[in-house]
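Trainee: This is the structure, below, for whatever I ask next.
No lab work stands behind these numbers, since they all come straight from the coordinates. Note that the coordinates shown come from a computational prediction; the quantities given were computed from them, not determined experimentally. Note: ideal-geometry Cβ built from the backbone for every residue, glycine included; neighbour counts use all protein chains shown.
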Amino acid sequence: MSASSAWAWPGRQLQEEGWSSAIPDWLLFGSWWLLVPVIMLLVVAAFIVAFVLLLYMVSPLISPKPLKLNGAHVVVTGGSSGIGKCIAIECYKQGAFITLVARDENKLVQAKKEIEKYAINDKQVVLCISVDVSRDYGQVESVIKQAQEKLGPVDMLVNCAGISVAAKFEEVEVDRFKRLMEVNYLGSVYPTRAVMNTMKERRVGRIVFVSSQAGQVGLFGYTAYSPSKFALRGLAEALQMEVKPYNIYLTVVYPPDTDTPGLAEENKTKPLETKMISETSGICQPEQVAKIVVKDAVQGNFNSSVGPDGYMLSALTCGMSPVTSITEGLQQIVTMGLFRTIALFYLGSFDSIVRRCMMQREQSKSADKSE
Ligand SMILES: NC(=O)c1ccc[n+]([C@@H]2O[C@H](COP(=O)([O-])OP(=O)(O)OC[C@H]3O[C@@H](n4cnc5c(N)ncnc54)[C@H](OP(=O)(O)O)[C@@H]3O)[C@@H](O)[C@H]2O)c1
C-alpha cells in the first residue's frame, strides 16, 4: 500500500478545490515527506545564522577594554626612524607621553623634534634614550627605570628596533645569524622583561612586537631574518597566556615591505629572487602601518596585519594563537580553506621565480665561460 493512498493528504483536497495548478503533482501525491530534509536544513541554517549573529553581538563583551592613549606613557624602541618613528607620532597625536629608544643620539634628537610638532597639549613630553637594546639586560632595565621615573609607569611598550639581512644562506656572514637573533629577538625580550613587573602590579599594559610577513612565511633570502621574526611569535603566544589574567595584552605586527630607511638599506643587498617575490605584493607607507599597529595595540588585538595579503597570511597562519574577538575567530574558520588554496598558487609562482632565476644565472655563467 502506497503512502499516497493510505494517507488523507490535504493536497488532494486542495486539488479538488482547484488550488493546485501551481503545485507539482509529486508534492500532492504522497511525496510530501521529501520536504522534511529541506525543512530540517532550513531550520539548521536558521540556527547557525542566529548563533553567528549572537556571537557577533557578544564579541565586544569578551574583547579587552581599549587602552586610553591620552596621558599614557608609550615606550618605542627603534623610535628614531621608519615604522617606529611613525608609531611614536601616531601615539603622540593621541596625547601620549613618549620615550624613544635607539642607539644614534643625533637621529633620536631629529625624531624628537619631528614628533613634537604633533603635540595636542603643552604637557606632552618626548624623552630620548640612547641604548643598544640587544647587548646587556642590566643596561636596558636601568634605562627603562629612568624613563618610568620621569614619565611614569609604562602603559604601552612597542618593540620595533630591528635590523634585516637579505642574502642567500651561504652568502650570509655567519655572525649575522647571531646578530639578527640578538637585535630582533633578544632586543624585544629585554625591554619586555624590564616593564613586566610594573605592568603586572598595575594590571594594565600593552606590548607590541614588530615582526614581519617574513615572520609568517619563510621566503628566499631571509634565512637569517625570518627565524628572528618567527621567534617573536612564539614568545608572544607563550607570554600572552601568562599575562592575560593581569589585563596585559600583546600584539604581534606583521608588516609587509614598508618604505623606510631600513628597507632602503636591505634593498642594497637583496637577491633578485627576493626582489621579484617581494614585488608580488606592493610597498606600504610607514604612516599607514603605524595607524594600524596603534589601533590594534589599543584594542588589544593579538594579530596585526596590513592590507589584503597581510589579512590572508594572518588568517592562514593563525594556528593556536589567541583571538581577542569572536569575529576574528569566525573569520579564520570560514576563510582558512580558501586562503590555503590561494597560498598554494603563490607558493607555485615563487618556486617558478626561483627556478627561472637559477636557469638564467646558469645560462649566463656558461655563456661567460664559452667567450
Ligand atoms: N621596513 C620594512 O619593510 C619592514 C617590514 C617588516 C618588518 N619590519 C620591521 O619593522 C621594524 C622597523 O623597521 P624599519 O624599516 O622602520 O627600520 P629602520 O628605519 O632601519 O629603523 C630601525 C630603528 O631601530 C633602531 N635600532 C636598530 N638596532 C638597534 C639596537 N640594537 N638597539 C636599539 N635600537 C636599534 C634604529 O636606530 P639606531 O640604528 O640608531 O639604533 C632605528 O631607530 C624592524 O623590526 C623591522 O624588522 C620592517
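Trainee: Sorted from fewest to most neighbouring beta carbons within 10 Å, what does the list S134, S80, S370 look like?
Mentor: S370, S134, S80
Trainee: I would also like to ask the following. Any idea which of L157, P191, A102 is furthest toward the positive side of the dipole for region 46-198, if Lys and Arg beta-carbons carry +1 and Asp and Glu beta-carbons -1?
Mentor: Positive-end residue among those listed: L157.
Trainee: Here's a follow-up. What is the set of long-range amide H partners of T251 at a cut-off below 5 Å, with H atoms built 1.01 Å from backbone N?
Mentor: HN-HN under 5 Å from T251: I207, V208, F209.
Trainee: Follow-up. Can you give the charge dipole size of the chain about its Cα centre, rounded to the nearest 20 debye, using +1 on the beta carbon of Lys and Arg and -1 on the beta carbon of Asp and Glu?
Mentor: 800
Trainee: Straight-line reach from K291: which aspartates and glutamates fall under 14 Å, measuring Cα to Cα and dropping same-chain residues less than 8 apart?
Mentor: Here the aspartates and glutamates satisfying the reach criterion relative to K291 are E90.
Trainee: Further question on the same structure: Say the dipole of the chain comes from +1 at the beta carbon of Lys and Arg and -1 at that of Asp and Glu; which of S31, G310, A343 then lies farthest toward its positive end?
Mentor: It is G310, whose Cα lies furthest towards the positive end.
Trainee: Still on this structure, I have one more. Please list the radius of gyration and Dmax for the chain, considering alpha-carbon atoms only, with Å as the unit.
Mentor: Final numbers for Rg and Dmax: 28.4, 97 Å.
Trainee: Among all stretches of the chain without exposed trypsin sites (Lys or Arg not before Pro) (DSSP loop, at most 13 other Cβ atoms within 10 Å), which one is longest?
Mentor: Numbers: sites that count: K68, K117, K123, K168, R203, K268.
Value returned for the longest uninterrupted segment is 269-371.
Trainee: Still on this structure, please answer the following. Give the distance, in whole Å, between the Cα centre of region 55-99 and the Cα centre of region 339-355.
Mentor: 35
Trainee: Follow-up question, since we're still on this one. What is the diffusion coefficient of region 291-347 in µm²/s, taking the Kirkwood radius over Cα pairs and the Stokes-Einstein relation at 25 °C with a viscosity of 0.890 mPa s?
Mentor: 206
Trainee: Rounding to the nearest 20 debye, state how big the charge dipole of region 182-333 is about its Cα centre with +1 on each Lys and Arg Cβ and -1 on each Asp and Glu Cβ.
Mentor: Charge dipole of region 182-333: 520 debye, to the nearest 20.
Trainee: In deg cm²/dmol, rounded to 500, what helix-only [θ] at 222 nm does the chain give when every DSSP H run of at least 4 residues adds -39500 (n - 2.57) and the total is split over its residues?
Mentor: -18000 deg cm²/dmol
Trainee: Quick test of the membrane-span-like rule: which DSSP H helices of the chain reach at least 30 Å along their long axis (C-alpha atoms) with mean Kyte hydropathy at least 1.6?
Mentor: On the way: long enough: 35-62 (40 Å, 2.82); 326-370 (63 Å, -0.01).
The answer, listed by residue number, is 35-62.
Trainee: Give the lysines whose C-alpha is closer than 24 Å to that of K365, dropping any in the same chain fewer than 8 places away, or say none.
Mentor: Counting by Cα, and skipping residues close in sequence, K365 has these lysines nearby: K168, K268, K270, K275.
Trainee: To continue, here is another question. Classify region 243-371 as rounded, prolate or oblate from the Cα gyration tensor: take a ≥ b ≥ c as the square roots of its eigenvalues, call it rounded if a/c is under 1.5, otherwise prolate when a/b beats b/c and oblate if not. Don't skip to the end; give the middle numbers.
Mentor: Details: a/c = 3.38, a/b = 1.91, b/c = 1.77.
Because a/c hits 1.5 or more and a/b exceeds b/c, region 243-371 counts as prolate.
Trainee: So, with +1 on the Cβ of K and R and -1 on the Cβ of D and E, and no other charges, what is the size of the charge dipole of region 118-245 about its Cα centre, to the nearest 20 debye?
Mentor: In total the dipole reaches around 380 debye.
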